[in-house]
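Chemist: My structure is below; once you've seen it, I'll send some questions.
Derivation of every value follows stated rules applied to the coordinates shown; laboratory data play no part. Since this is a predicted model, take the numbers as computed values, not measurements. Every residue, glycine as well, gets a Cβ built from its backbone with ideal geometry; the counts of neighbours run over all protein chains shown.
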Amino acid sequence: SVSTTAPPEVPTTRTDRDRIGSVKQQLSRLLKESLQALFPYEIEPLVAACQAKFGDYQCNNAMGLWSQLKGKPTEFKNPNSIGQAIAKNLPQSEVIESTSVAGPGFVNITLSNKWISKHIHNMLVNGIEEWAPILSVTRAVVDFSSPNIAKEMHVGHLRSTIIGDTLSRMLEFSNVEVLRRNHVGDWGTQFGMLIEHLFDQFPDWEDAGDQAIGDLQAFYKASKLRFDQEPAFMARAQQAVVRLQSGEDKYRHAWKKICEISRKEFDLVYQRLQVQLEEKGESFYNPYIPDVLEEFNKEGLIKESDGARVVEIKGHNIPLIVIKRDGGYNYASTDLAALWYRLNVEKAEWIIYVTDVGQQQHFDMFFTAARTVGWLPDPAKNTYPKTSHVGFGLVLGSDGKRFRTRSSEVVRLVELLDEAKSRSKAELKKRLEDNGKIKDWKDDELDSTAEAIGYGAVKYADLKNNRLTNYTFSFDQMLNDKGNTAVYLLYAHARICSIIKKSGKEIEELKNLEAIVLGHPDERALGLHLIQFAEIVEEACSNLLPNVLCEYLYNLSEMFTRFYTSCQVSQWPATSFLLARSTASVVRNRWAPEKDRSMETAASRSSRGFDE
Ligand code: ARG
């Protein structure tokens with residue numbers, strides 16, 4: 001049996017302080033009280049944002065309740081009268097200005113301006129953390145990036161890295177403890193050939209530095225070629241796997257070396273993207289596999305098929321192979337052990353896997369296997385622990401085919417990021433030359449700004465579409481300052497900052513002023529959109545869809561522009577600058593794990609590039 005480190009404690013009391021959650025959650029609370037007064041059983045309020053002409057939100061319970069009452073004695077005449085009763089029984093609250101009931105009982109709710117303003121003010125004083133939604137999960141594992149040692153880290157891994165990091169950040173912002181896991185492919189039969197090739201090619205590999213192998217991808221290719229063509233080499237490679245797995249020193253050493261070289265490559269990408277990850281590769285879970293499979297065996301779930309050991313999976317016509325014909329473990333047995341570890345040792349309630357949709361079946365199958373052996377509840381119950389596969393589509397080139405370089409090689413990520421940076425730097429320089437500001441810029445400022453814009457553009461282009469769709473990679477598109485791009489958002493943010501700066505208004509003093517006046521309809525619309533931030537993050541987290549947040553931010557910038565266009569700055573009441581400042585805070589949201597401020601500096605620098 002494997003000894004494990006002491007499991008981390010799952011906190012029993014949540015540190016909710018006196019957080020109020022999203023607007024939706026607040027309205028839900030009020031509606032729940034009303035429903036409780038009317039019906040003797042628990043009813044989950046159905047709250048949704050509604051068309052502006054009816055109000056801000058609506059409650060949609062009446063129709064469903066009416067159909068439940070059918071044939072039973074009731075004081076209600078029709079769904080509309082249920083709606084009326086729900087509205088009438090709402091408790092007194094500063095949140096709601098007025099209600100109206102429409103058609104078959106929709107309760108339209110208009111929020112009070114005073115309360116919207118107070119809510120925004122709260123955030124300005126206490127920070128954006130004030131608007132974190134309240135989620136019902138405490139600890140999650142996000143398994144993302146996860147490239148394979150010695151093989152290329154390709155655009156698929158880049159997507160996984162970007163999406164996984166974004167999901168982690170959104171969950172962390174929502175006070176979920178996230179274990180960011182890099183499930184690197186560092187175990188398996190490919191190491192046999194890699195090690196033997198290392199011994200042959202680099203006899204002094206033990207003393208040579210990390211540069212020993214040089215290009216690891218080329219190294220992989222060369223060893224694969226030998227494996228396929230030289231029977232003697234193949235035999236040695238197979239022997240090497242056995243010797244490695246039985247723990248022979250020299251082989252473990254060589255394996256470690258190869259992993260280290262790969263890791264250095266991966267880290268270059270993570271550093272540039274400011275992504276934090278903790279590596280727990282496939283090899284880590286290897287010692288747990290026998291006990292985990294024994295659990296399945298005890299339940300009679302392991303069958304023999306064609307020399308392999310398999311678990312049959314309901315709803316699938318192929319079984320899940322857990323021990324290969326040669327007796328070795330595989331991707332699936334590793335994933336079962338990793339899941340066991342995450343549930344039992346790490347005590348995660350939600351385990352999220354970010355890979356291309358092509359792996360959907362693998363995840364479906366091993367999730368089902370885990371359910372069969374009793375690790376996970378029926379998903380219909382919607383309780384924890386639960387697992388989710390976050391699939392994503394392909395990255396396409398301009399030819400509509402899988403994204404490749406001209407020589408049809410896999411695109412090297414470092415080179416791709418280099419190009420994003422150099423293109424955005426050239427663009428930035430041109431701008432600065434045109435407006436005569438280039439002399440005020442130091443070269444390292446240019447560099448860090450170009451990085452913020454360039455890498456931001458790559459990330460945002462990936463995040464803004466529904467992740468399941470394929471998207472076409474285009475530097476021209478993602479670096480365009482018009483349209484739904486990171487550049488546009490950075491520009492919008494920079495412009496807001498510059499408006500505030502030019503006004504000479506001291507935000508810190510304004511905070512002590514009375515409430516923000518939501519005078520013009522466009523100003524109120526902006527205020528309302530701002531306070532909906534929490535429920536957008538909540539939705540993006542629950543459905544694991546970063547594009548929901550992107551769309552929100554894009555709309556936010558547009559709404560700001562609309563307000564700015566319809567209300568001249570010279571006529572703004574002082575408190576409108578607070579609204580502008582809140583908009584900037586939401587766009588900027590510093591929820592980076594290490595409280596890193598580089599985004600903030602980059603923003604102030606890019607504001608110098610674009611404006612002033
Ligand atoms: N290494 C895999 C690949 O490159 C991804 C691993 C995803 N995580 C997992 N637990 N299976 O496709």
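Chemist: Per residue, what volume in Å³ does the convex hull of the Cα atoms of the stretch 292-350 enclose?
Modeler: Dividing the Cα hull volume of the stretch 292-350 by its residue count gives 100 Å³.
Chemist: Moving on. How much net charge surrounds F106 when only other residues with a Cβ under 14 Å from its Cβ are counted (Lys, Arg +1; Asp, Glu -1)?
Modeler: In short, 0.
Chemist: Please report, to one decimal in angstroms, the Kirkwood hydrodynamic radius of the stretch 15-147 built from all distinct Cα-Cα pairs.
Modeler: Every distinct Cα pair counted, the radius reaches 16.7 Å.
Chemist: Stick to Cα atoms and the Kirkwood definition of Rh, then tell me Rg/Rh for the chain.
Modeler: Ratio value, two decimals: 1.02.
Chemist: If you don't mind, there's one more thing I want to ask. Once the principal axes of the Cα atoms of the stretch 449-518 are found, what is the range along each, listed largest first in whole angstroms?
Modeler: Ordered largest first, the stretch 449-518 gives principal extents of 49, 26, 17 Å.
Chemist: Per q in 0.14, 0.24, 0.30 1/Å, what log10 I(q)/I(0) does a Debye calculation on the alpha-carbon atoms of the stretch 25-74 return?
Modeler: Relative scattering, expressed as log10 I(q)/I(0), comes to -0.40, -0.95, -1.18.
Chemist: If I take the Cα coordinates of the stretch 333-405 and project them onto the principal axes, what are the three extents in Å, biggest first?
Modeler: Here the spans come out as 47, 25, 18 Å, largest first.
Chemist: Would you list the P(r) distribution for the stretch 362-514, with all Cα-Cα distances sorted into 5 Å bins from 0 and each bin expressed as a whole %?
Modeler: 2, 7, 11, 13, 12, 10, 9, 10, 9, 6, 4, 3, 1, 0
Chemist: About the Cα centre of the stretch 168-265, how large is the charge dipole given +1 on each Lys and Arg Cβ and -1 on each Asp and Glu Cβ? Please answer in debye to the nearest 20. Present the calculation step by step, with values, prior to reporting the outcome.
Modeler: Values: 14 positive and 16 negative charges, 65 e Å.
Rounded to the nearest 20 debye, it is 320 debye.
Chemist: How compact is the stretch 208-335 by the rule of thumb for globular proteins, expressed as Cα Rg over 2.2 N^0.38 Å?
Modeler: 1.32
Chemist: Does the stretch 209-252 classify as rounded, prolate or oblate by the C-alpha gyration tensor (a ≥ b ≥ c root eigenvalues; a/c under 1.5 gives rounded; else a/b over b/c gives prolate, otherwise oblate)?
Modeler: Oblate.
Chemist: Grab the alpha carbons of the stretch 115-199, take their convex hull, and tell me the volume per residue in Å³.
Modeler: Expressed per residue, the convex hull around the Cα atoms of the stretch 115-199 is 129 Å³.
Chemist: Related question: What value in Å³ per residue do you get for the convex hull of the alpha-carbon atoms in the stretch 289-432? Walk me through the numbers on the way to the answer.
Modeler: On the way: hull volume 30.3 nm³, N = 144.
It comes to 210 Å³ per residue, whole-number rounded.
Chemist: Counting only C-alpha contacts under 8 Å and six or more residues apart, can you give the relative contact order of the chain as a whole percent?
Modeler: 15 percent
Chemist: If you stretched the chain out fully between S422 and K442, how much longer would it get, using 0.36 nm times the residue separation minus the C-alpha to C-alpha distance?
Modeler: Working: separation 20, 0.36 × 20 = 7.20 nm, distance 1.60 nm.
In short, 5.6 nm is gained.
Chemist: For the chain, what are the DSSP H helices with axial Cα length of 24 Å or more and mean Kyte-Doolittle hydropathy of at least 0.5?
Modeler: For the chain, where a helix must reach 24 Å along its axis and average at least 0.5, the hits are 486-503.
Chemist: Turning to a different aspect of this structure: Taking 23 Å as the cut-off for C-alpha to C-alpha distance, list the pairs among K386/K459; K24/K53; K421/K464; K314/K347 that go past it.
Modeler: K386/K459; K314/K347
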